[in-house]
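Participant: For reference, the structure I am asking about is given below.
Please treat every number below as a calculation from the coordinates, not as lab data. Computed from a prediction, not measured in an experiment: that's the story for all the values here. Note that we place each Cβ from the backbone using ideal geometry, even for glycine, and neighbour counts take in every protein chain shown.
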Amino acid sequence: MKIPVLLGAAAACAVTVGSAVLAAPAAAEPASQSVDHRAVVLVNFRNRALADPQKAHDQAAQNFFGAKDSLATYYAANSGNRLSIVPAKGDGVFGPFTIDMDDPSGCDTGQMNDLARKAIPDVTFDHISVVFNSAYCSDWWGLGSVSGPNSWYHEGAVADKAAIVHESGHNLGFAHQERQLCKAGSFTTCAPDGYSNRTPMGGGGEKKGLTAPELLSQKWLTAQQVTTPSTTTTVHLTPLHAPGTSGVRAVDLPLGTGKDRIVVEFRVPDPATADRDVANGVDVYRIPAGHYDRAVMISNTKHDNKAATGSFATTGTALTDTSAHLSISITQATTSGADIRIQFGDDPSTQPTGKPTTPTPTDPGNTPAQPLPSATPPAPPASDQPDDHTAIDSTATPDTTPAAAQTDGGWLAHTGGGNIGAGVIAVLITVGGSALFLLRRRRTHRKH
C-alpha cells in the first residue's frame with residue numbers, strides 16, 4: 001500500500017470570469033483512513049557497527065511509534081486520524097543486521113536499502129527506514145524519497161523527532177517550504193527570504209503542525225473547512241489546527257487566469273494541538289500550478305528569526321496582486337479567529353462572476369525536475385528518488401549570492417543548531433530529478 005500524495009481524481013471543472021477560465025480549488029471530500037506499516041532496520045557495516053544499537057532501537061521504537069510525541073502521533077493529529085503509522089511487525093524496529101557492505105568514502109544509499117530489505121524477508125511493510133552508524137554518509141543527517149517508501153537516518157537522528165517527521169513528510173510528497181518577500185502589487189515577483197518556519201518542511205520542527213496547503217494536498221481538510229469566494233467578501237478563519245471540525249480553516253483562491261492558486265490560513269499556538277509552538281499570524285501561500293505540496297509562503301514583511309510572524313507586517317496592511325486584481329488583508333484577529341478581507345477587482349464594486357467547483361489535481365510525479373530559480377520552488381523529483389538532507393532548522397536561510405557562487409545549478413543554505421552542529425553549510429544540488437543537501441563541515445565537530 002502506498003500513501004496517496006495528491007488529491008484523488010476529480011471531475012474537471014473551473015471558475016469562469018467573463019471569458020477566462022480559472023483554475024479551481026482543492027476542496028473535496030476528505031481522504032479515507034489509511035494505515036502505513038513501517039519498518040525501521042538497524043544495520044552494521046562489515047567494518048563499522050552501530051555505536052549503541054540498544055539505544056538506537058529504543059529511541060526508534062519511541063520516536064517512530066510511541067503513544068506520545070512520536071511520528072505516529074504527529075501525523076494522526078495532523079490528518080484528523082485519517083493516517084495511522086504503525087509498526088510493520090512487533091515494535092517495528094529490526095536488527096541490527098550486519099550487511100554485506102563496507103563503510104567506504106562514498107555513500108551508496110541504494111545498496112544499503114536493498115540489503116536492509118533482504119535482511120527482513122518475512123516482514124511486509126509500506127515504508128522502510130534504514131539506520132546506520134553516524135560516521136557513514138557524514139554529509140547529511142537524514143534522507144527521504146519524495147512520494148516514495150524509503151528513508152535513511154544516522155544513528156543519532158533517531159533521537160531527532162524533527163528529522164523523522166521531516167523525512168516522512170518527503171515520503172508523503174512534501175517539498176521544502178520556502179518563504180518569499182514579494183514586491184508591492186505582486187504575488188509572483190518575489191525574492192527568497194528563508195524558510196517558512198510554519199511546518200517541519202520549512203524549518204518549523206515537530207512542534208508545528210502542517211500548513212493548510214500540505215493538508216489540502218493530502219485531502220486532510222473537508223470541503224466544509226475550505227472556502228473559495230468568487231466575490232469580494234470577509235471570511236472568518238478558525239485557527240487551522242483548532243480542536244474539532246467546525247469552522248473555515250483555509251481560503252483557496254485562483255491567482256488570475258493561470259494555474260497558480262493562493263491559500264490563506266490562520267495559526268495560533270495551542271499546547272493541546274499540533275501547533276504547540278507556532279507563531280500567531282495569518283499566512284498566505286502561492287500554490288505553483290496547483291501543486292499544493294510545493295507551496296511557497298509569501299509576505300510583505302521580511303522574515304525575523306527571533307519573532308517568526310505570518311505574512312503581514314501589521315493588521316490592516318494588504319497583500320495585493322494588481323495583475324490578478326486580488327487583494328488580501330486582515331480586518332481583525334484574536335486568538336479564536338481572524339477576519340480576512342478578500343477583494344476582487346480594482347475596487348469592491350468590481351466582482352467576478354461564476355462559482356467555484358472542484359479541480360482536477362496536478363500529478364507532480366510526471367513533472368520534470370528543474371533547477372531552483374529565485375522565486376519558484378523546484379519541481380518534485382520522480383517518485384521514490386531521494387530528496388534531501390536533514391530536518392531544516394528555523395535558522396536556515398537560502399543563500400542569495402550571485403549565480404557564480406552557486407554549485408551545480410543549486411544554491412547555498414546555512415543550516416545551524418539542532419543535531420547538525422554549528423558552522424555547517426548545506427548545498428542544494430539538483431541531481432537527475434532529486435534535490436540533495438550536502439553538508440560541508442567546518443572546523444567544528446558534530447556531536448551526536
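Participant: How large is ³J(HN,Hα), in whole Hz, for each residue of the stretch 150-156 in order, when computed from phi with the Karplus curve 6.51 cos²θ - 1.76 cosθ + 1.60 and θ = phi - 60°, using x for Gly and Pro?
Facilitator: 10, 8, 9, 9, 5, 3, x
Participant: So what are the ³J(HN,Hα) numbers for the stretch 107-112, from phi and the Karplus equation (6.51, -1.76, 1.60; θ = phi - 60°), rounded to whole Hz, Gly and Pro as x?
Facilitator: These are the phi-based 3J(HN,Hα) values: 9, 8, 5, x, 5, 4 Hz.
Participant: Of 207/302; 183/219; 89/208; 208/302, which sit over 26 Å apart, Cα to Cα?
Facilitator: With Cα atoms farther than 26 Å apart: 183/219; 89/208.
Participant: What is the sum of charges, Lys and Arg at +1 and Asp and Glu at -1, for the other residues whose Cβ falls under 11 Å from the Cβ of residue 188?
Facilitator: The answer is 0.
Participant: Right, another one. Within 10 Å, count the other beta carbons around each residue, average over each peptide in 44-57, 182-195, 208-221, 291-304, and list them highest first.
Facilitator: 208-221, 291-304, 182-195, 44-57
Participant: OK, next. Tally Lys and Arg at +1 and Asp and Glu at -1 over the other residues with C-beta under 12 Å from the C-beta of residue 198: what net charge comes out?
Facilitator: -2
Participant: Let me ask something else. Could you order the peptides 232-242, 165-175, 135-145 from most to least packed, using the average number of other C-beta atoms within 10 Å per residue?
Facilitator: The most tightly packed comes first, giving 165-175, 135-145, 232-242.
Participant: In what sequence, highest mean first, do 270-281, 153-164, 250-261 appear when ranked by Cβ atoms within 10 angstrom?
Facilitator: Highest mean packing first, the order is 153-164, 250-261, 270-281.
Participant: Run the numbers for residue 135 and residue 181: contour at 0.36 nm per residue of separation, minus the present Cα-Cα distance, in nm.
Facilitator: 12.7 nm
Participant: Net charge near residue 331: determine it from the other residues with C-beta under 10 Å of the C-beta of residue 331, scoring Lys and Arg +1 and Asp and Glu -1.
Facilitator: Taking every other residue near residue 331 into account, the sum is 0.
Participant: Which cross-chain or sequence-distant (5 or more) residues have an amide H under 5 Å from the amide H of residue 278, H modelled 1.01 Å from N in plane?
Facilitator: 270
Participant: Residue by residue through the stretch 120-129, what is 3J(HN,Hα) from phi via Karplus (6.51 cos²θ - 1.76 cosθ + 1.60, θ = phi - 60°)? Round to whole Hz and write x for glycine and proline.
Facilitator: 3J(HN,Hα) across the stretch 120-129, in whole Hz: 10, x, 9, 10, 9, 9, 9, 10, 10, 10.
Participant: Further, regarding this structure: Whose amide H sits under 5 Å from the amide H of residue 97, counting only residues 5 or more places off or on another chain, with H placed in the peptide plane?
Facilitator: It is 42, 43, 44, by chain and number.
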